[in-house]
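Chemist: Pasting in a structure now, in structure tokens, and then I'll have a few things to ask.
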Amino acid sequence: MRVLIINNLKSGAGNVHLLDFMNELGRNGVEITLRFLNGGLDLKQLLADAAQFDRVVAAGGDGTVSSVCYALRNTGIPVLAYPAGTANLISSNLGLPANPIVLAQITLGNDYTTFDVGEFTHFGSAEELPADKRCGFMGIAGAGYDAEIMERAQQLKPSLGMFAYVVGVLQTLAPTYARFKITVDGVRFTSEGIAVLLVNFAKLQFDLAVTHGSDAQDGVFEVAIVRPKTPVGLIPTVWGAVLDRVLGYPARRALDVRPAREVLVEADPPLRLQYDGEAPEVVTPFGARVLPGAATLLVGFPVGESATADHAHRQAR
């Protein structure tokens with residue numbers, strides 16, 4: 001087996017366990033190629049010969065994993081979402097453990113399946129986004145309150161880790177309230193709120209899901225309009241997400257949720273954008289569409305089980 005590892009040196013606080021992961025692969029006869037994503041060569045160059053490998057490991061945060069999955073969309077090459085970032089929400093949604101030895105065993109195995117990819121298009125100009133103004137996301141993208149939190153947390157993540165997001169929330173107690181013009185699968189409507197979220201993988205920290213019953217394999221994502229004017233108005237929704245873990249509680253009172261294959265979002269005033277924790281210095285409008293089954297990902301549970309279900313054996317690992 002040949003494995004290509006893309007290691008983002010800027011993700012999280014760095015990954016001190018990656019050597020253990022590679023040693024375990026080596027003990028099993030794997031040929032390893034390690035490349036670093038550090039602002040030099042771009043990702044397309046690093047993945048130019050990806051078809052020559054049996055597995056690609058995206059060692060970084062959610063933004064790194066999404067970028068690799070988007071670059072390899074529709075190739076069928078299995079990708080491991082190696083959790084080396086701050087939040088690592090994609091790997092968590094896939095049931096992947098933090099243990100590098102178990103991650104190596106998963107890489108050697110054949111438990112992989114296809115998932116939808118979101119394609120995010122920005123219509124303005126920004127150096128942070130690719131020249132064609134398109135990028136991919138696997139978890140959650142959007143504009144408004146969440147992007148403001150991400151922006152404030154960016155500089156603090158290397159020193160504070162997950163607590164950087166807590167600081168970001170505390171610094172964003174008065175988010176921008178905007179009027180939205182949204183087109184979902186050709187149907188246009190207006191709304192108001194502090195954010196518009198596009199949800200593919202729905203689970204956040206503490207296994208709480210933004211939306212109820214979201215499925216990253218159904219060919220649609222959920223468009224969730226966050227309607228309260230202040231974060232206090234989100235408390236019933238957070239409580240609903242807690243209840244959902246044990247009772248199957250669908251209510252998300254602060255959210256207007258609609259399924260979509262394609263969406264266009266305009267906001268007045270313009271709102272900051274984010275995709276899987278990346279917060280470039282760009283604002284609305286933006287468009288997005290679902291690429292059904294475009295990513296092939298290794299999972300931490302037997303293929304055939306739901307990526308959104310609770311798995312007791314996940315904790316056992």
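Bear in mind that the values in this text are calculations on the coordinates, not laboratory data. In this text the structure is predicted, and so the values were computed from the model without any measurement. No Cβ is skipped: glycine too gets one built from the backbone with ideal geometry, and neighbour counts run over all protein chains shown.
Chemist: Which of the lysines could a cross-linker span from Lys229 if the Cα-Cα distance has to be under 21 Å and same-chain partners fewer than 8 positions apart are dropped?
Modeler: Straight-line reach from Lys229, under 21 Å: Lys181.
Chemist: Suppose R0 equals 22 Å; then what is the FRET efficiency for Gln154 and Ala174 from their Cβ-Cβ distance, rounded to the nearest 0.05?
Modeler: Computed FRET efficiency for Gln154 and Ala174 comes out at 0.65.
Chemist: May I ask you to sort Leu34, Leu43 by Cβ crowding, counting other Cβ atoms within 10 Å and putting the fewest first? Before the final figure, lay out the partial values.
Modeler: Numbers: Leu34 13, Leu43 19.
Result, fewest neighbours first: Leu34, Leu43.
Chemist: Assuming 0.36 nm per residue, please report the length gained on full extension of the stretch Phe123 to Lys10 beyond their Cα-Cα distance.
Modeler: Numbers: separation 113, 0.36 × 113 = 40.68 nm, distance 2.70 nm.
Stretched out fully, the Phe123 to Lys10 stretch lengthens by 38.0 nm.
Chemist: Now for a different question. Measure of size requested: the Rg and Dmax of the chain, with Cα atoms as the atom set and Å as the unit; please supply both.
Modeler: Rg, Dmax (Cα atoms, Å): 18.8, 58.
Chemist: Further, regarding this structure: What is the order of His122, His17, fewest Cβ neighbours within 10 Å to most? Spell out each step's value before the answer.
Modeler: Working: His122 22, His17 17.
So the ranking, lowest neighbour count to highest, is His17, His122.
Chemist: Here's a follow-up. Based on the Cβ-Cβ distance of Asn99 and Gln45, what FRET efficiency does E = 1/(1 + (r/R0)^6) give at R0 = 51 Å, to the nearest 0.05? Spell out each step's value before the answer.
Modeler: Numbers: r = 31 Å, r/R0 = 0.61.
Working from the Cβ atoms, E equals 0.95.
Chemist: Right, next: Using the charge dipole of segment 140-288 (Lys, Arg: +1 at Cβ; Asp, Glu: -1 at Cβ; taken about the Cα centre), state which of Thr237, Leu264, Ile149 has its Cα farthest towards the positive end.
Modeler: Checking the options against the dipole of segment 140-288, the answer is Thr237.
Chemist: Out of all DSSP beta bridges in the chain, what portion is antiparallel? Express it as a percent rounded to 5. Could the numbers behind the result be given before it?
Modeler: Values: 53 of 72 bridges.
Counting only bridges with both partners in the chain, antiparallel ones make up about 75 percent.
Chemist: Where does segment 140-288 land on Rg/Rh, using Cα atoms and the Kirkwood Rh? Please list the in-between numbers first.
Modeler: Values: Rg = 14.7 Å, Rh = 15.6 Å.
Reported Rg/Rh, Kirkwood definition of Rh: 0.94.
Chemist: Something else now. What lysines could a cross-link reach from Lys44, if we take a straight Cα to Cα line under 24 Å and drop same-chain neighbours fewer than 8 places away?
Modeler: Straight-distance partners of Lys44: Lys10, Lys133.
Chemist: Output needed for segment 2-110: three equivalent-ellipsoid semi-axes, defined as square roots of 5 times the C-alpha gyration tensor eigenvalues, in descending order, whole Å. Mind showing how you got there, number by number?
Modeler: Details: eigenvalues 63, 56, 38 Å².
So the three semi-axes of segment 2-110 are 18, 17, 14 Å.
Chemist: So what's the back-of-envelope 222 nm ellipticity for the chain, counting only DSSP H runs of four-plus at -39500 (n - 2.57) apiece and dividing by all residues, rounded to 500? Let's see the in-between values first.
Modeler: Values: 10 runs with 77 residues, N = 317.
Estimated from H runs of four or more residues: -6500 deg cm²/dmol.
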